[in-house]
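Worksheet: one structure, shown below.
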Amino acid sequence: METDDPHRGVDPRERRARRADARVDEAGAEEKPPAPTLLDDFLSKDRRRVLHAVWEVFKTRDPKVLEPLAAALPVIDRATDDVDLGGALMSNGENLTHALDRIRLFGKGRCLCAAYTDHVFYEPRKEVAYGHVRIVEVVEGFYYGRPKRICECADCGQRYEIEEGEYHYPWWKWTVPH
């Protein structure tokens with residue numbers, strides 16, 4: 001006998017957990033619990049979730065995302081202090097530190113482009129796609145045949161020279177021109 005039971009074949013403990021997490025709307029229909037926030041991810045102590053939050057912070061300038069993180073920064077610092085994030089050629093702990101520094105910049109009211117000079121994973125094409133910068137000039141064959149780019153921050157107008165390189169992974173060095 002076929003049934004439309006969405007819990008069919010689900011472990012009873014999982015079924016109980018789903019019921020405990022579910023909310024019921026006014027009409028009595030079951031609603032799913034809200035999705036975890038980046039703050040939840042940072043506080044989870046789960047390596048995968050913390051790293052997800054780290055890379056999302058790298059990508060965003062959205063105040064709706066960053067404000068709750070800035071308000072909770074001391075709690076995030078304590079919660080992530082002892083999480084082993086691994087990393088092969090570069091410690092993922094360095095990426096976490098940089099993400100927290102970006103949140104600090106936001107909390108101080110500084111433009112997040114100021115973080116570019118402190119990390120090698122800001123790919124100019126991605127920053128353009130996010131709407132954070134625009135490429136104003138490309139100098140071909142600058143460094144071992146790789147171009148140098150001049151980018152301008154979409155928020156504050158600060159210009160950067162970006163040198164591209166590769167060793168075990170591609171990297172981008174952002175500097176403020178003199």
Checklist entry - Residues that are closer than 14 Å to residue 54 by Cβ: which helices (runs of 4 or more DSSP H) entirely in the stretch 64-178 hold 1 or more of them? => result 73-80, 92-107
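From 69, 105, which residue is surrounded by 13 or more Cβ atoms within 10 Å (Cβ to Cβ), touching a residue at least 12 places away in the same chain (Cβ under 8 Å) and either in the same structural domain as residue 47 (by TED's automatic domain parsing) or among the polar types (S, T, N, Q) (or both)?
On the way: 105 fails: touching a residue at least 12 places away in the same chain (Cβ under 8 Å).
Every option except 69 fails the conditions.
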Item to check | Complete set of residues in the stretch 145-174 that are in contact with a strand residue (DSSP E or B) (Cβ under 9 Å, 6 or more places away or on another chain) and small (Gly, Ala, Ser) | outcome: 154, 165
Item to check | Restricting the stretch 80-102 to residues that are free of Cβ contacts under 8 Å to residues at least 12 places away in the same chain and polar (S, T, N, Q), the residue that is surrounded by the fewest Cβ atoms within 10 Å (Cβ to Cβ) | outcome: 91
Checklist entry - Out of all the residues in the stretch 127-156, which are closer than 21 Å to residue 57 by Cα and free of Cβ contacts under 8 Å to residues at least 24 places away in the same chain? => result 128, 129, 131, 134, 152, 154
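Return the total of residues in the stretch 45-58 being closer than 26 Å to residue 154 by Cα and surrounded by 15 or more Cβ atoms within 10 Å (Cβ to Cβ). Write out each step before concluding.
In the first step, residues of the stretch 45-58 are kept if they are closer than 26 Å to residue 154 by Cα; the result is 52-58.
Retained after the next criterion (residues that are surrounded by 15 or more Cβ atoms within 10 Å (Cβ to Cβ)): 52-54, 56-58.
Residues that pass the stated criteria total 6.
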Next on the checklist: Within the stretch 151-178, take every residue that is surrounded by fewer than 16 Cβ atoms within 10 Å (Cβ to Cβ) and among the β-branched types (Val, Ile, Thr) and give me the one that is farthest from residue 89 (Cα to Cα).
Outcome noted: 176
Next on the checklist: Condition first: over 14 Å from the mean Cα position of the chain (by Cα) and either under 19 Å from residue 40 (Cβ atoms) or outside the structural domain of residue 47 (by TED's automatic domain parsing) (or both). Now tell me which residues in the stretch 85-102 satisfy that.
Outcome noted: 85
Checklist entry - Which members of the stretch 108-117 meet the condition of being more than 14 Å from residue 63 (Cα to Cα) and surrounded by 14 or more Cβ atoms within 10 Å (Cβ to Cβ)? => result 113, 114, 115, 116
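The values are calculated or read from the model by the stated rules, or taken from the named source; none is laboratory data. Nothing here was measured: the structure is a model prediction, and the numbers come from that model. Virtual Cβ from ideal backbone geometry, glycine too; neighbours counted across all protein chains shown.
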